[in-house]
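Q: Here it is: the structure, laid out below.
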Amino acid sequence: MRVKDKSKVETIFKATLTLVKERGLAGITINDISKAAFIGTGTLYIYFKNKDELIKALFVECRQQSAQHYFKALRPGAPFEERLRKTFTNIISYKVNYFDVSVFLEQYYHSPFVCTTDIRKKESALNPLLDLFKEGVETKKIKDIEIELMVSYLFGIINEMVKKAYFTKKKFSPEVIDNLYAMFWDGIKRYPL
């Protein structure tokens with residue numbers, strides 16, 4: 001059995017992300033990916049038996065990578081709002097710096113490729129965020145509303161602003177991030193604090 005070259009897998013993933021950003025998930029084929037990766041279609045089939053398998057493997061990689069970034073540098077025992085704000089800014093940072101991954105993940109979750117197992121993987125990858133929201137509810141710092149609603153609110157705000165910044169070629173200033181977080185915080189904080 002032939003050993004798979006990790007650098008080839010990375011090249012295939014990178015080419016796929018670029019194509020998805022340019023054409024959309026449904027608009028690409030294995031042939032397109034092999035051309036963009038500068039490898040033969042036969043070689044690509046050594047690594048992935050079909051487009052579905054490739055897309056699912058890429059999803060797992062992107063989900064792990066993004067979740068690791070979302071929750072990095074959180075100080076254990078830091079005040080709740082500090083950890084929430086750090087997570088918020090980490091998510092923005094990741095989505096700005098890895099826009100192609102952000103586009104891919106968003107399209108994946110709205111595609112026929114997604115299955116119940118994938119949704120569970122998404123939820124488990126976001127456990128630190130879910131736990132943070134639960135802590136906020138339990139300590140009466142944030143509203144006692146459905147956690148999934150808060151997750152959708154958080155990612156909805158960030159996704160839309162990141163897309164707008166990308167397509168208008170505007171950078172996120174610290175002031176914009178502060179304002180965006182303030183709007184998010186105002187939407188979930190419990191009154192009176």
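Q: Please list 74-80, 142-148 highest first by mean number of surrounding beta-carbon atoms within 10 Å per residue.
A: Highest-to-lowest ranking by the protection proxy: 142-148, 74-80.
Q: Treating only the Cβ atoms of Lys and Arg (+1) and Asp and Glu (-1) as charged, compute the dipole magnitude of region 1-125 about its Cα centre; round to the nearest 20 debye.
A: 280 debye
Q: Shifting gears a bit: For SER111 and GLU22 in the same chain, what is the full-extension length gain: residue separation times 0.36 nm, less their Cα-Cα distance, in nm?
A: Working it through step by step, the gained length comes to 30.4 nm.
Q: Among 12-23, 154-165, how do they line up by average Cβ neighbours within 10 Å per residue, starting with the highest?
A: So the order, starting with the most tightly packed, is 12-23, 154-165.
Q: Under the rule of at least 5 residues apart or a separate chain, name every residue whose amide H is placed under 5 Å from the amide H of ILE142.
A: Amide H neighbours of ILE142: VAL137, ARG190.
Q: Can you check what the net charge comes to around VAL96, using other residues whose Cβ is under 11 Å from the Cβ of VAL96 (Lys, Arg +1; Asp, Glu -1)?
A: Charge balance near VAL96 sits at +4.
Q: Continuing with this model, one more query. Order these peptides, 58-67, 39-48, by their mean beta-carbon neighbour count within 10 angstrom, highest first.
A: 58-67, 39-48
Q: Efficiency by 1/(1 + (r/R0)^6): what FRET value for ALA182 and SER152, r their Cβ-Cβ distance, R0 = 30 Å, to the nearest 0.05?
A: 0.95
Q: Let me have the relative contact order for region 52-188, percent, based on Cα pairs under 8 Å that are six or more residues apart.
A: 27 percent
Q: Related question: By how many nm would the segment from THR41 to THR11 lengthen if fully extended, with 0.36 nm per residue of separation less the alpha-carbon distance?
A: Full-extension gain reported as 9.5 nm.
Q: Mean residue ellipticity at 222 nm from the helices of the chain, using -39,500 (n - 2.57) per DSSP H segment of n ≥ 4 over the full residue count, to the nearest 500 deg cm²/dmol?
A: Mean residue ellipticity at 222 nm (helix-derived): -23500 deg cm²/dmol.
Q: Let me see the P(r) profile for region 52-188: every Cα-Cα distance counted, bins of 10 Å, each bin given as a percent of all pairs.
A: Pairs per bin, as whole percents: 11, 42, 35, 11, 0.
The numbers here are math on the coordinates, done by the rules we state, and not lab data. Computed from a predicted structure; not experimentally measured. Please note: Cβ atoms are built from the backbone with ideal geometry, for glycine as well, and neighbour counts cover all protein chains shown.
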